[in-house]
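Reviewing the structure listed below.
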Amino acid sequence: MVVILEAVSGPVLGRRIEVRGGSIVRIGRTGKSDYPIAEDGYLSGLHFAVECDGMQCRIRDLGSSNGTFVNGSRVTEQVVQDGDSVVAGGSTFCIHVDVLPEITGVGLKRVATAPTPLATATKFTSDAPPQQTGYTPAETALLEALYGHGEEVFAVVDAARDSRIPTFLNAAGEPYTSLDTPGGVAAYVVALTAQARLMHVLIKDGWGRGWGFYGTSRAGLETVRAHFTSFVSLQTSSGAAMTFRFWDPRVLRAMVPAMPLEEADAFFGPCERIIVEAEKPAMALELSRSPGRPRQQTIVLA
């Protein structure tokens, strides 16, 4: 991911500031900043920062005197999208977001991907289960993203991430079953209603800690388990079996968006959507089928 701030007015008109995924660039008038713009006398010494985590871009004001504005509104911190405008000091910048920048100089063509919009979680539909109490606004937003489409929700969890997971499963009373894994790897699929006691534990204790992922399906638990069991075992060139821990959020975030259509259809199987924690727990990544390649949408949990 590359984010470019293009100056469309002000003393540095036409200048382009590039921020790559996983980096933070602080912009201001003086050498204290990572990218000084001495020509703009209305900027503070450290005015604002551009933070790019590889899936989204965030503008953060650094206590400037004259403020930082996104699309005309003064902000302290704001996620921005392609086409948004940022005003700081006497300069106006247009945001350009390239989710997968073109690789040049090596003879490789750019791989087309589905757009990655940012969204806030939708509200429950009238047919969806009512929300529980005891959740923060961000946790409630995650529940709304999971149950807002009226589909059954399940989770795939890995007991290797937390030794308490089997105890939680046994005590909660929700339907669950283990995946068939080589070497006895303890991974489970559990069906969840919005009122499930286990959901409270998974969200409160597990979100942001890589316990696994959520999926939605109109099929039953056994169908989902049988489908994902077929992806668990890999074989090396020497014939040795090994476990493919596809339920790891880091694996899903890297693997699914790059799948061609045929592979995505095979992997999703009976699942409509997969929802996994983003690199920052304040966000979720929703993956679903779309023509060409899987669609990915970043959901801001607010």
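The values are calculated or read from the model by the stated rules, or taken from the named source; none is laboratory data. Just so it is clear, the structure is predicted and the values come from calculations on it, not from any experiment. Quick reminder, even Gly has a Cβ in these numbers, built from the backbone with ideal geometry, and neighbours come from all protein chains shown.
See the values below:
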| item | result |
| --- | --- |
| Which listed residue, of GLN81, GLN56, is in contact with a Leu (Cβ under 7 Å, 6 or more places away or on another chain), closer than 22 Å to LYS280 by Cα and at pLDDT below 90 | GLN56 |
| Test: residue in the stretch 195-206 that is of a type in the set (D, E, K, R), within 17 Å of ALA141 (Cα to Cα), part of a strand (DSSP E or B) and assigned by TED's automatic domain parsing to the domain that holds PRO166 | no |
| Count - residues of the stretch 17-34 that are outside any loop (DSSP other than H, G, I, E, B) and either among the small types (Gly, Ala, Ser) or crowded, with 16+ Cβ neighbours inside 10 Å (or both) | 8 |
| Any hit, the stretch 145-154, residues being in contact with a helix residue (DSSP H, G or I) (Cβ under 9 Å, 6 or more places away or on another chain), of a type in the set (D, E, K, R) and at pLDDT below 85 | no |
| The lone exception for LEU100 - which of (1) at pLDDT below 90; (2) in a strand (DSSP E or B); (3) under 30 Å from ALA254 (Cβ atoms) it fails | (2) |
| So TYR214, is it within 23 Å of the chain's Cα centre (by Cα) and either free of Cβ contacts under 8 Å to residues at least 60 places away in the same chain or part of a helix (DSSP H, G or I) (or both) | no |
| Unique residue being farther than 20 Å from VAL153 by Cα and touching a Phe, Trp or Tyr at 6+ places or on another chain (Cβ under 9 Å) when the list is VAL190, VAL232, VAL224 | VAL232 |
| Test: residue in the stretch 235-249 that is more than 20 Å from VAL153 (Cβ to Cβ), in a strand (DSSP E or B) and among the hydrophobic types (A, V, I, L, M, F, W, C) | yes |
| Options GLY54, GLY14: the member that is assigned to a loop (DSSP other than H, G, I, E, B) and within 22 Å of THR298 (Cβ to Cβ) | GLY54 |
| Qualifying residues in the stretch 6-48 (those that are among the aliphatic types (A, V, I, L, M) and either out of contact with any Ser or Thr (no Cβ under 9 Å at 6 or more places or on another chain) or outside the structural domain of VAL87 (by TED's automatic domain parsing) (or both)) - the one farthest from LYS280 (Cα to Cα) | ILE17 |
